[in-house]
1. Identify which of 108, 187, 38 has the largest mean-square fluctuation in a Gaussian network model of the chain, with springs joining Cα atoms closer than 10 Å.
2. If you fit an axis through the alpha-carbon atoms of helix 117-145 and take the longest principal axis of the Cα set of the chain, what angle between them do you get, 0 to 90°, nearest 10?
3. Is the stretch 2-52 best put as rounded, prolate or oblate by its Cα gyration tensor, with a ≥ b ≥ c the root eigenvalues, rounded for a/c under 1.5, and otherwise prolate when a/b is larger than b/c, oblate when not?
4. So which residue, out of 72, 89, 189, gets the largest mean-square fluctuation from a GNM of the chain using Cα contacts under 10 Å as springs?
5. Answer rounded, prolate or oblate for the stretch 92-203, using the Cα gyration tensor with square roots of eigenvalues a ≥ b ≥ c: rounded when a/c is under 1.5, else prolate when a/b is larger than b/c, else oblate.
6. Can you tell me the orientation of helix 179-194 relative to the chain, as the angle in degrees between its alpha-carbon axis and the longest Cα principal axis, to the nearest 10?
7. Mean-square fluctuation check for the chain, GNM, Cα pairs under 10 Å: which of 166, 31, 91 is largest?
8. Quick one: Kirkwood hydrodynamic radius for the stretch 33-132, alpha-carbon pairs, angstrom, one decimal?
């Protein structure tokens with residue numbers, strides 16, 4: 001039983017690796033379950049059995065990338081209860097590291113999500129979870145530091161959601177900036193977005 005499970009996990013990892021390579025090297029129209037099966041040297045039925053559909057395969061690929069990009073660190077940021085501004089800074093850092101971990105393939109996945117409704121639905125779901133996390137952090141920040149009357153919560157959430165998106169990270173990094181420089185910019189703008197500027201370092 002243990003050997004069978006190990007073999008299944010090995011096959012699954014091989015399919016995901018093949019999907020990643022294919023997505024980087026071929027056009028969106030050529031990214032099919034059949035093409036992935038050929039690349040992984042397995043049957044088409046094996047790919048369908050493991051992932052169910054192309055959208056399911058790409059969701060699993062995103063999960064695979066998230067694990068490699070250490071997104072599991074995100075849970076720890078919310079257990080940090082001393083200073084919610086530190087939580088926000090760490091939240092930004094975790095996502096920046098993830099976006100940087102496999103930038104080209106993440107860009108391709110987001111591009112595919114823009115033209116494929118099923119893939120797009122999965123990415124929108126992930127983005128919504130990021131938005132919910134930011135809503136929690138903003139609530140904690142304003143509770144600890146006072147809520148600025150001039151800033152609407154919805155505006156702050158939307159702005160932080162934009163600042164922590166892959167598209168923003170990709171645009172800033174594309175300007176030749178290092179990861180550290182991009183994180184510093186996003187953190188500084190995030191503090192402006194929630195109206196807290198002077199109380200701790202912007203870095």
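1. So, out of 108, 187, 38, the one fluctuating most is 38.
2. It works out to around 20 degrees.
3. It is prolate, given that a/c is not under 1.5 and a/b is the larger ratio.
4. 72
5. It is oblate, given that a/c is not under 1.5 and a/b is not larger than b/c.
6. The answer is roughly 50 degrees.
7. Per the Cα network of the chain with a 10 Å cutoff, 31 tops the list.
8. By the Kirkwood definition, the hydrodynamic radius is 15.1 Å.
Read-outs: derived from the displayed coordinates by stated rules, not from any lab. These numbers were taken from a predicted model, which means no experiment stands behind them. In this analysis, Cβ positions are derived from the backbone assuming ideal geometry, glycine residues included, and neighbour counts consider all displayed protein chains.
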